[in-house]
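What follows is one structure encoded as structure tokens, with my remarks underneath.
Every number in this text was worked out from the coordinates using simple rules, so none of it is lab data. This is a predicted model, so every value here is computed, not measured. Because the Cβ atoms are built from the backbone with ideal geometry, glycine has one as well, and the counts that use them run over all protein chains shown.
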Amino acid sequence: MRQIGLSALALLFLSGFFFLDSNNADPYREKEEPMNQQVVEEIIRHHRAAAFVINENEITQFNQHFSRELSEEELLLFRSIDHSMEPVIATQPHHTVSLQWSTIDVHYENRSNRWYITSVSEVQLD
């Protein structure tokens, strides 16, 4: 009887021990990373890879960089971005980032720990 009691106590201890912090219980969940220079550089790398895909007309690689097909206007805006300059972080709500390249806003969304371009728009200057 004593052996069963100790086994039950050990089982309760071990099962609770691994899940004391429920936030860390799922190792595959998407990570909430604060926006830092490393994340911005990762987004810029994805952006430049997407620019290469568009400029080289690599249609098979399109889905790896864009969340949807861009309109003709969005494609023209995207192609007109001057990649020699650094973008400015315009907004950064939950899982999304908007980088402003001169007068063009490019919106990115993090899905499954990968950044996708969701839309391209021209900034309205007042």
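Per-structure values
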{"item": "Cα gyration tensor category, rounded, prolate or oblate, for region 36-126 with a/c compared to 1.5", "result": "rounded"}
{"item": "Estimated FRET transfer efficiency (SER102, ALA10; beta-carbon r; R0 41 Å; 0.05)", "result": "0.05"}
{"item": "Under 5 Å, built H, 5+ apart or other chain: amide partners of GLU58", "result": "none"}
{"item": "Check: region 36-126 dipole with +1 on Lys, Arg Cβ and -1 on Asp, Glu Cβ, in debye", "result": "360 debye"}
{"item": "Rel. contact order, % - alpha carbon contacts under 8 angstrom, at least six apart, region 36-126", "result": "24 percent"}
{"item": "Simple label model, 7 Å out from Cα along Cβ direction - ILE59 to ILE89, nm", "result": "3.8 nm"}
{"item": "In Hz, Karplus ³J(HN,Hα) per residue of region 115-125 (6.51, -1.76, 1.60; θ = phi - 60°; x = Gly, Pro)", "result": "8, 10, 7, 9, 7, 10, 9, 8, 6, 8, 8"}
{"item": "Under-5 Å amide H pairs with SER119, H placed in peptide plane, nonlocal only", "result": "HIS107"}
